[in-house]
Amino acid sequence: MRVAPISQEGMRQPLRRLYLLYHEVRTGESRYSYVVETGVFARQVELFARMRATESAGLWPELTFDDGHISNLEVAAPILQSRGLTARFFITAGWTGTKPGYMGWAELRTLHGAGHAIGAHGWSHKLLTHCGDRELETELSKSRLTLEDKLGSSVTTMSLPGGRSNRRVLAACAAAGYMQVYTSEPRAESLPLGATVGRLNILGSMQPEWIARLFEPGSRVLSELGRQHRMKEAAKKLLGDRLYARLWAMVNRGEPGTDGGGEGAE
Ligand SMILES: [Zn+2]
């Protein structure tokens with residue numbers, strides 16, 4: 001099992017990157033958009049491992065997970081490790097050991113000990129654009145310091161609950177000590193990474209064959225997804241988060257209290 005930190009792999013492979021965003025991996029069908037079925041996930045990981053073994057790969061896949069669901073450790077990590085891959089897991093610190101279905105501290109330490117990177121995903125998963133100054137402090141600093149204390153390792157990356165941000169939020173993230181903020185804007189990244197890192201949110205309906213097309217040389221799939229994302233962001237600004245979330249819930253399958261539902265909906 002290769003457990004080299006992601007940053008070291010980055011030094012060896014100075015390529016363009018596509019960061020992928022997962023949430024929960026589950027065996028069997030799910031009615032939630034953000035849940036990826038275990039067999040589909042295994043086929044996707046196989047695809048990514050093959051791509052990373054290709055020296056000439058133009059776009060290098062990187063995996064990230066948001067929220068800290070227990071399936072990240074119990075289902076996803078063994079599949080990743082069987083292919084020699086590591087991922088970055090963004091943890092909602094206040095859920096750790098308190099929210100049913102999500103990892104506790106011992107489980108998080110196991111994941112970290114296996115060579116996976118850990119980042120923060122807020123304290124309570126509140127949308128940061130809705131936070132006052134005191135709440136931002138809790139969501140950004142308390143989450144980072146608690147993760148660092150419990151893991152005995154520095155935490156310098158953060159992903160935005162619901163993908164929501166603005167200039168004030170990004171400035172607060174930098175002030176709280178985060179080097180990179182991971183977003184939900186689908187776009188490729190070049191090394192060295194900048195202050196924000198775009199990601200493609202992987203939905204349960206995305207088959208490995210479709211994902212493979214994203215990585216084909218000259219593919220326009222990613223730029224089209226980026227265009228759709230910018231239109232959605234414009235709609236959110238126009239409608240406001242609450243109305244947008246109600247419309248989203250009518251056409252998608254969301255789970256309340258996560259990125260897949262309610263006001264956290266994409
Ligand atoms: Zn989330």
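Of note:
- Potential extension, K232-R168 segment - 0.36 nm per residue separation minus Cα distance: 21.0 nm
- Residues D149, D66, ranked from the fewest to the most other C-beta atoms within 10 Å, line up as D149, D66.
- DSSP beta bridges fully contained in the stretch 60-178 are about 10 percent antiparallel.
- Across the stretch 79-125, Cα-Cα distances exceeding 14 Å account for 52% of all pairs.
- In the chain, the DSSP beta bridges split such that about 5 percent are antiparallel, to the nearest 5.
- Both the radius of gyration and Dmax for the stretch 114-266 are 16.3, 46 Å, in that order, over alpha-carbon atoms.
- Zero-based 5 Å bins, Cα pair distances in the chain, whole percents: 1, 6, 13, 18, 21, 19, 13, 7, 2, 0
- Cα centroid of the stretch 66-92 to Cα centroid of the stretch 137-208, whole Å: 17
- Length gained on full extension, E148 to L239: 29.0 nm, using 0.36 nm per residue less the C-alpha separation.
- Lysine pairs within the chain, Cα separation less than 29 Å, 8 or more sequence positions apart or different chains: 12
We did not get these values from a lab; they are worked out from the coordinates using the rules stated. Bear in mind that the values here come from a model prediction, so they are computed numbers and not experimental data. A quick note on method: Cβ atoms are made from the backbone with ideal geometry, for glycine too, and the neighbour counts reach across all protein chains shown.
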